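A short write-up of the structure that comes next.
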Amino acid sequence: MILSEMEQKSPFRIFEKSIRGGLGKGNIGIFMARAGVGKTACLVYLSLDDIVRGNKVLHFGVEKSVDKVRAWYDEITSNLVESFHLDNANELREKIERNLIIMSYMNHTFSADKMRSSIQTILQQGGFTPQVIIVDGFDFEHATRAEVESFKKIAEEFSVEIWFSARTHREGQVLNEHGIPAPYSQFEELLGVIVALDPVKDAIFLRLLKDHDNLNPSALHVKLDPRTLLVKTRYT
């Protein structure tokens, strides 16, 4: 299979169709799940899908080193090459090198101001204008509404879409009337798309909780394969 075929067959085409064409510039989306369920794998695969389509991605690893984030990309890339029987793996790897910047913030130093400063520095250097921003590891549980509003403003100001991972817990989480758990329910109006990852036996199903202004969205027909860490259609 060649790279353009892999793009067409990506399960994210189904995902995008389910959320009316995608997250969209100026919006924030989250993948929420308990620790170890697959949030990072989803974000990395989403990032690679954008890279394959020629978009530039800025990935912030929060409390994760650049090497650790890079290792995730290497693993998911290898799994993609094997699963799609890709003829020219080097073409994909060259695209990743051209279209991905990974930044790391450790010791609780990440913030909206740091994100804004990093984007401005990259733009001033020239040659790289991100269309998609990935944030893996941000602590929503201690975030204020003002902070999340700042991320939303950044998405609008720089005309990017921002995807976050969001941690939930097995017990004790209070859901609002739309099934969105705290603390994310308090940011509901600032989040364009909310996706929950539900582990069930040998698969992890992606469940759409919010699709822009629709708080009663249809079921997603995609799942995460826990063996390959790849997002697949529900029927593969």
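The values are calculated or read from the model by the stated rules, or taken from the named source; none is laboratory data. Not measured: the values here are computed from a predicted model. Ideal geometry is used to build each Cβ from the backbone, glycine not excepted, and the neighbour counts take in all protein chains shown. Please note that ligands, DNA and RNA were not included when accessible areas were found on the heavy atoms of the full protein model with its side chains. Shrake-Rupley method; radii C 1.70, N 1.55, O 1.52, S 1.80 Å.
Computed values, structure above
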{"item": "Cβ pairs under 7 Å, 6+ apart, first in the range 139-164 and farther than 23 Å from Tyr45 by Cβ and in contact (Cβ under 8 Å) with a residue 12 or more places away in the chain, second polar (S, T, N, Q) and part of a helix (DSSP H, G or I)", "result": "Arg145/Gln186"}
{"item": "First in the range 1-27 and free of Cβ contacts under 8 Å to residues at least 24 places away in the same chain, second anywhere and in a loop (DSSP other than H, G, I, E, B) and β-branched (Val, Ile, Thr), Cβ under 7 Å, 6 or more apart", "result": "none"}
{"item": "Whichever residue in the range 125-141 is within 15 Å of Phe164 (Cα to Cα) and either open to solvent by less than 10 Å² (accessible area, probe 1.4 Å) or in a helix (DSSP H, G or I) (or both) and, among such residues, is modelled with the lowest pLDDT", "result": "Glu141"}
{"item": "Looking only at the range 208-228, and only at residues there that are of a type in the set (Asp, Glu) and modelled with pLDDT of 85 or more, the one that is surrounded by the most Cβ atoms within 10 Å (Cβ to Cβ)", "result": "Asp211"}
{"item": "Whichever residue in the range 61-76 is more than 24 Å from Ser159 (Cα to Cα) and in contact with an Asp or Glu (Cβ under 8 Å, 6 or more places away or on another chain) and, among such residues, is surrounded by the fewest Cβ atoms within 10 Å (Cβ to Cβ)", "result": "Lys64"}
{"item": "Tally of residues being part of a helix (DSSP H, G or I), surrounded by 17 or more Cβ atoms within 10 Å (Cβ to Cβ) and not polar (S, T, N, Q) across the range 15-60", "result": "13"}
{"item": "Qualifying residue in the range 50-62 (condition: within 16 Å of the chain's Cα centre (by Cα) and of a type in the set (Gly, Ala, Ser))", "result": "yes"}
{"item": "Filter result (under 20 Å from Val148 (Cα atoms) and not in a helix (DSSP H, G or I)) within the range 76-124", "result": "Met103, Ser104, Tyr105, Met106, Asn107, His108, Thr109, Phe110, Ser111"}
{"item": "Answer from Ile122, Ile102, Ile96 - the residue that is modelled with pLDDT of 95 or more, touching a His at 6+ places or on another chain (Cβ under 9 Å), among the β-branched types (Val, Ile, Thr) and at negative phi", "result": "Ile102"}
{"item": "Leu48, sole failed condition from (1) aliphatic (A, V, I, L, M); (2) touching a residue at least 60 places away in the same chain (Cβ under 8 Å); (3) within 14 Å of Trp163 (Cα to Cα)", "result": "(2)"}
{"item": "Answer from Val231, Val148, Val160, Val193 - the residue that is under 17 Å from Pro11 (Cβ atoms), open to solvent by less than 20 Å² (accessible area, probe 1.4 Å), among the β-branched types (Val, Ile, Thr) and at pLDDT 90 or above", "result": "Val193"}
{"item": "Meets criteria (modelled with pLDDT under 95, more than 14 Å from Ser65 (Cα to Cα) and open to solvent by 10 Å² or more (accessible area, probe 1.4 Å)) for His108", "result": "no"}
